[in-house]
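Trainee: Submitted below is the structure of interest, expressed as structure tokens.
The values are calculated or read from the model by the stated rules, or taken from the named source; none is laboratory data. Just so we're clear, the structure is a prediction, and the values are computed from it rather than from any experiment. Note that each Cβ is placed from the backbone with ideal geometry, even for glycine, and that neighbours are counted across all protein chains shown.
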Amino acid sequence: MNKNVRKVIASFAALVMAGAALLPCGCAKKQQLVIYNWGDYIAEDTVAKFEAKYPQYDVVYRTFETNETMYPNLQNGYDVIIPSEYMVCRLIEEDWIQPLDWNKLPNVTKYMDPMFKSVTYTDNAEISGQVLDYAVPYLYCTVGLVYDANKITLPEDTTDPAVIWDVLFNTESQNSIGMYDSMRESIGAALNYLGYSINSMNEAELQEALDLLIKQKSALHPSYGVDNLKDKVAAGELAASIAWSGDHIVMLDRIEELGKTDIDLQFVLPEGSNWSVDMMCVPTNCKNYDGAMDFINFMYDPEIAYENCDYVGYSTPNTAAKDMLDPEVSGNKYYYPDAEVFSTLEVYFTSDALEEKYTELWNTVKASA
Ligand code: SPD
């Protein structure tokens, strides 16, 4: 074979090999980046903006409704997941997630509210101290009651859980109500109403909470749901519902869009209720670690973080993004509690025993008539 023919064959072989890493357009082959997040929890164009800034990635975006429905799917293989802090702690203990490379997260270093460095994320001090090695806050919220003040009257400025949750647990009520189909929120509200900790493991207290939830179900027939509750409240189908604070903002927007001027939707936050932070983390079985770092860092770009929290309604841990918000939102103590309000709230803690007990309890409620 003469030299020129060999050269042509070598060039052709090189082209074929390069072709494996090239798209038909001649550009580099895209790497898949799989994100697993709560439903209704990212601005419409955030993923497209990420892909425009990082054309090497092709994002596959999947959603879940609760921490508990996310957990069994982890073996599917995701690059970034966004569970709440108590699930993050469980995932650290079970080796489901891996440390983040903070050198690749300059936006997080610069803009994450330092408050998140001193949160007690779990009653296991060792794990609590490791949380930010494995996860960074995405958005946060409180758990309270939304109610139509044209149908329901509550004492002004009340924070008494026995008064507030009575709207959902008083079986004499004629109001249509919503409950999250999420064991921690619904059991937590029942425990809080009864005057107990939302992390109770006391048998007698849990039995009371179970009885209450079963009684509520049979007498009031709540609408159980998660994201669909927002539309039901906005349409006026529910007079009251348990709600994450971020969902209150979205409901207000939808009420306005629908022109439902007859609804005066208020949000109240009981003492002893929950505040929680959803956190971006990277599963140990992720396939695109660098892409995950780029995505997490991108979500902390102030403009992106601002657009995202403004769209989804939840509270941002990004100091620069918070400064861009309407002061009516950033100054609202239910959405952005100050130290005093935070001190009245609890974070969910978890353990194997608690998971088992609460799951059994919630299944019993759901199976009851
Ligand atoms: N659209 C649902 C968004 C859920 C936000 N997280 C709730 C925190 C639960 N601990």
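Trainee: For segment 170-185, name all the residues that are in contact with a helix residue (DSSP H, G or I) (Cβ under 9 Å, 6 or more places away or on another chain) and in a helix (DSSP H, G or I).
Mentor: Selection gives Met183, Arg184.
Trainee: Moving on to the next point. I'd like to know if segment 19-26 contains one or more residues that are modelled with pLDDT under 95 and in a helix (DSSP H, G or I). Spell out how you get there, then give the answer.
Mentor: As a first pass, look at segment 19-26 and keep what is modelled with pLDDT under 95: 19-26.
Next, from what is left, pick out any that are in a helix (DSSP H, G or I): 19-20.
Yes, because at least one residue in segment 19-26 is modelled with pLDDT under 95 and in a helix (DSSP H, G or I).
Trainee: Does segment 186-206 include one or more residues that are closer than 18 Å to Lys366 by Cα and in a loop (DSSP other than H, G, I, E, B)?
Mentor: no
Trainee: Hand me the list of helices (runs of 4 or more DSSP H) wholly inside segment 257-369 holding 2 or more residues that are under 30 Å from Met183 (Cβ atoms) and over 21 Å from the mean Cα position of the chain (by Cα).
Mentor: 339-342, 352-367
Trainee: Residues that are more than 27 Å from Leu191 (Cβ to Cβ), in contact (Cβ under 8 Å) with a residue 40 or more places away in the chain and away from the ligand (no atom under 16 Å from the Cβ): does segment 324-344 have at least one? Can you show your working first?
Mentor: Step one: list which residues in segment 324-344 are more than 27 Å from Leu191 (Cβ to Cβ), which gives 324-331.
Within this subset, residues satisfying the condition of being in contact (Cβ under 8 Å) with a residue 40 or more places away in the chain are 329.
Applying the additional criterion that residues be away from the ligand (no atom under 16 Å from the Cβ) yields 329.
Checked segment 324-344: at least one residue is more than 27 Å from Leu191 (Cβ to Cβ), in contact (Cβ under 8 Å) with a residue 40 or more places away in the chain and away from the ligand (no atom under 16 Å from the Cβ).
Trainee: Could you say which residue among Asn107, Asn150 is surrounded by fewer than 18 Cβ atoms within 10 Å (Cβ to Cβ) and either at negative phi or in contact with a strand residue (DSSP E or B) (Cβ under 9 Å, 6 or more places away or on another chain) (or both)?
Mentor: Residue meeting the stated conditions: Asn150.
Trainee: If the requirement is being closer than 18 Å to Tyr289 by Cβ, in contact (Cβ under 8 Å) with a residue 60 or more places away in the chain and in contact with a strand residue (DSSP E or B) (Cβ under 7 Å, 6 or more places away or on another chain), which of these qualifies: Val60, Val80?
Mentor: Just a single option satisfies the conditions, and that option is Val80.
Trainee: For Ala125, are the conditions met, namely being small (Gly, Ala, Ser) and either buried (at least 18 other Cβ atoms within 10 Å of the Cβ) or in contact with a Phe, Trp or Tyr (Cβ under 7 Å, 6 or more places away or on another chain) (or both)? Full working, then the answer.
Mentor: Values: small (Gly, Ala, Ser): yes; either buried (at least 18 other Cβ atoms within 10 Å of the Cβ) or in contact with a Phe, Trp or Tyr (Cβ under 7 Å, 6 or more places away or on another chain) (or both): no.
No, not satisfied.
Trainee: Quick check on Asp301: is it among the acidic types (Asp, Glu) and more than 28 Å from Ala239 (Cα to Cα)?
Mentor: Spelling it out, Asp301 is indeed among the acidic types (Asp, Glu) and more than 28 Å from Ala239 (Cα to Cα).
Trainee: Scanning segment 224-251 for residues that are surrounded by fewer than 19 Cβ atoms within 10 Å (Cβ to Cβ) and either more than 24 Å from the chain's Cα centre (by Cα) or within 16 Å of the ligand (Cβ to nearest atom) (or both), which turns out farthest from Asn363 (Cα to Cα)?
Mentor: Of everything passing the filter in segment 224-251, Gly236 is farthest from Asn363 (Cα to Cα).
Trainee: Something else: Name every residue in segment 234-253 that is in a helix (DSSP H, G or I) and closer than 22 Å to Pro337 by Cβ, in order of residue number.
Mentor: Ser245, Gly246, Asp247, His248, Ile249, Val250, Met251, Leu252, Asp253
Trainee: Give me the residue from segment 48-89 that is of a type in the set (Asp, Glu) and buried (at least 16 other Cβ atoms within 10 Å of the Cβ) and, out of that set, farthest from Ala135 (Cα to Cα).
Mentor: Among those that are of a type in the set (Asp, Glu) and buried (at least 16 other Cβ atoms within 10 Å of the Cβ), it is Glu65.
Trainee: Next question, about the same structure. Looking only at segment 48-85, how many residues end up being away from the ligand (no atom under 16 Å from the Cβ), outside any loop (DSSP other than H, G, I, E, B) and touching a helix residue (DSSP H, G or I) at 6+ places or on another chain (Cβ under 9 Å)?
Mentor: 7
Trainee: Report the residue count in segment 116-162 for those that are in a helix (DSSP H, G or I) and in contact (Cβ under 8 Å) with a residue 40 or more places away in the chain.
Mentor: Initial filter on segment 116-162 (in a helix (DSSP H, G or I)): 116-117, 125-134, 161-162.
Narrowing the set further to residues that are in contact (Cβ under 8 Å) with a residue 40 or more places away in the chain leaves 116, 131, 134, 161.
The number of residues fulfilling the criteria is 4.
Trainee: In this structure, is Lys110 at pLDDT below 95, away from the ligand (no atom under 16 Å from the Cβ), out of contact with any helix residue (DSSP H, G or I) (no Cβ under 6 Å at 6 or more places or on another chain) and not acidic (Asp, Glu)?
Mentor: So Lys110 does not fit the description; no.
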